[in-house]
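Here the structure is laid out as structure tokens; the discussion comes afterwards.
The values are calculated or read from the model by the stated rules, or taken from the named source; none is laboratory data. What you are looking at is a predicted structure, and each value in this text was computed from that prediction instead of being measured. Because the Cβ atoms are built from the backbone with ideal geometry, glycine has one as well, and the counts that use them run over all protein chains shown.
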Amino acid sequence: MLATTEAQPLRLGERIPTIDVDSSVGSDLKLVEQKYTCIVFMHSESTPSLNAIRAYSAFASKHSERVALVLITAEQDGFEQDLLSSFATNETVVAFDNNFRTFKNFEVRHIPFAVIYETRSKKARWFGSLSQLDEASLCNITK
């Protein structure tokens, strides 16, 4: 029997794949000032995505000086203000992956998929479903 495997592009402690998006903090998010960045791959019409982002935002807003929240969508620009107005933090950034490169680079297969990484070194600290992340875990990951 022949078996195939795919390489996982994410490994804890190693650099994340390339980010190529259209956002107010740069195409590679390098203008993010916080020590950590939480990117969330999402879709504006996905109820599980929106519910997980709202739940995360409710506790993450207390940590916004340390952890940036960047929502990455492959949708077209135009709904950003509606989306941002529904979350607890003003620091949330919406990034558009217009060519699907970032979704492909991270091999996103489900949403809301999230990655927390060290902003400067780009080393992965955590990844998984955003709905599995709670405040205690966030604090532990980013201490």
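Under 8 Å by Cβ, and 6 or more places apart or on different chains, what pairs join a residue from segment 17-44 that is under 15 Å from Phe100 (Cβ atoms) and free of Cβ contacts under 8 Å to residues at least 24 places away in the same chain with one that is surrounded by fewer than 16 Cβ atoms within 10 Å (Cβ to Cβ) and among the hydroxyl-bearing types (Ser, Thr, Tyr)?
none
Does segment 91-137 hold any residues that are in contact with a strand residue (DSSP E or B) (Cβ under 6 Å, 6 or more places away or on another chain) and without any contact (Cβ under 8 Å) to a residue 12 or more places away in the chain, and which are they?
Answer for segment 91-137, where residues must be in contact with a strand residue (DSSP E or B) (Cβ under 6 Å, 6 or more places away or on another chain) and without any contact (Cβ under 8 Å) to a residue 12 or more places away in the chain: there is none.
Tell me, which residue of segment 55-81 that is closer than 24 Å to His110 by Cβ and in contact with an Asp or Glu (Cβ under 8 Å, 6 or more places away or on another chain) is modelled with the lowest pLDDT? Even if it seems obvious, please write down each step before you answer.
Filtering segment 55-81 down to residues closer than 24 Å to His110 by Cβ leaves 55-60, 67-77, 79-80.
Add one more test, that the residue is in contact with an Asp or Glu (Cβ under 8 Å, 6 or more places away or on another chain), and what stays is 59-60, 68-69, 72-74, 77.
On the way: Phe59: 90, Ala60: 87, Ala68: 94, Leu69: 93, Ile72: 93, Thr73: 90, Ala74: 89, Asp77: 65.
This residue is Asp77.
Evaluate the following for Glu107: is it surrounded by fewer than 15 Cβ atoms within 10 Å (Cβ to Cβ), over 11 Å from the mean Cα position of the chain (by Cα), of a type in the set (Asp, Glu) and on the phi > 0 side of the Ramachandran plot? Steps first, answer last, please.
Values: surrounded by fewer than 15 Cβ atoms within 10 Å (Cβ to Cβ): yes; over 11 Å from the mean Cα position of the chain (by Cα): yes; of a type in the set (Asp, Glu): yes; on the phi > 0 side of the Ramachandran plot: yes.
So Glu107 passes the test.
Would you point out which residue out of Thr102, Thr92 is buried (at least 20 other Cβ atoms within 10 Å of the Cβ) and modelled with pLDDT under 90? Walk me through how you get there before you give the answer.
Numbers: Thr102 fails: modelled with pLDDT under 90.
Being buried (at least 20 other Cβ atoms within 10 Å of the Cβ) and modelled with pLDDT under 90 holds for just one of Thr102, Thr92, which is Thr92.
I'd like to know if segment 29-40 contains one or more residues that are crowded, with 16+ Cβ neighbours inside 10 Å, at pLDDT 90 or above and polar (S, T, N, Q).
yes
Given (1) under 19 Å from Phe106 (Cα atoms); (2) at pLDDT below 95; (3) touching a Pro at 6+ places or on another chain (Cβ under 8 Å), identify the lone condition not met by Val21.
In the conditions (1) under 19 Å from Phe106 (Cα atoms); (2) at pLDDT below 95; (3) touching a Pro at 6+ places or on another chain (Cβ under 8 Å), Val21 misses (3) alone.
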